[in-house]
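Chemist: Encoded as structure tokens, here's the structure I'll be asking about.
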Amino acid sequence: MLSEGWTIPLKGFIRELEFLQTLHFNSLRLVDDDRLVVNMSMLIVLAIDDLFKNNVGDSTSVALVDDKDKPISILNDVEMYKHNKEERIPRTWGTTSQGLPYAEKAINHAKNWLIGGDLEVIEPISIMMV
């Protein structure tokens with residue numbers, strides 16, 4: 001979706017400021033033109049674990065690979081930040097009740113860090129339907 005432009009005006013996975021704007025206001029103030037605000041109700045994030053975060057360290061670019069470790073894209077000008085699940089769940093679903101199936105599966109069990117940056121596609125993903 002990102003590489004095909006379906007998430008315009010995003011250039012990649014969102015950074016922390018964009019995460020907070022989307023989470024709190026369901027909109028995004030564009031960096032290129034801060035007078036322009038666009039609707040953005042969906043968080044486009046990439047969760048990472050402690051090991052990945054430590055391996056990235058101070059690097060400014062990260063290669064994203066497929067299941068065969070073949071690089072398919074590069075995430076540039078990266079920013080890593082805490083995945084604030086405790087705030088994300090109630091702001092997304094309006095409740096702190098335990099047991100929401102999607103919240104349990106997709107967020108509570110997700111990794112503890114998020115990484116954002118501008119996506120540079122090396123090779124488009126092709127999907128074959130049979």
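The values are calculated or read from the model by the stated rules, or taken from the named source; none is laboratory data. Keep in mind that what you see is a predicted model, and the values were worked out from it rather than measured. Cβ atoms come from the backbone with ideal geometry, glycine included; neighbour counts cover every protein chain shown.
Chemist: Closer than 21 Å to Thr22 by Cβ and assigned to a strand (DSSP E or B): which single residue out of Ile107, Ile115 fits that description? Spell out the reasoning first.
Modeler: On the way: Ile107 fails: assigned to a strand (DSSP E or B).
That would be Ile115, the only listed residue that is closer than 21 Å to Thr22 by Cβ and assigned to a strand (DSSP E or B).
Chemist: To continue, here is another question. Filtering segment 88-105 down to residues that are within 21 Å of Ile48 (Cα to Cα) and surrounded by 12 or more Cβ atoms within 10 Å (Cβ to Cβ), which residue is modelled with the highest pLDDT?
Modeler: My answer is Arg88.
Chemist: When segment 77-94 is examined, which residues are found to be touching a strand residue (DSSP E or B) at 6+ places or on another chain (Cβ under 6 Å) and on the phi > 0 side of the Ramachandran plot?
Modeler: Here is the first cut: in segment 77-94, the residues touching a strand residue (DSSP E or B) at 6+ places or on another chain (Cβ under 6 Å) are 77-81, 83.
Across segment 77-94, the qualifying residue is only Asp77.
Chemist: Every residue in segment 76-98 that is under 15 Å from Lys111 (Cβ atoms) and touching a Leu at 6+ places or on another chain (Cβ under 8 Å), please.
Modeler: Met80, Tyr81, Lys82, His83, Arg88
This table checks each residue for (1) out of contact with any helix residue (DSSP H, G or I) (no Cβ under 6 Å at 6 or more places or on another chain); (2) not charged (D, E, K, R).
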position: Val78; (1), (2): yes, yes
position: Glu86; (1), (2): yes, no
position: Pro90; (1), (2): yes, yes
position: Ala103; (1), (2): no, yes
position: Ala106; (1), (2): yes, yes
position: His109; (1), (2): yes, yes
position: Leu114; (1), (2): yes, yes
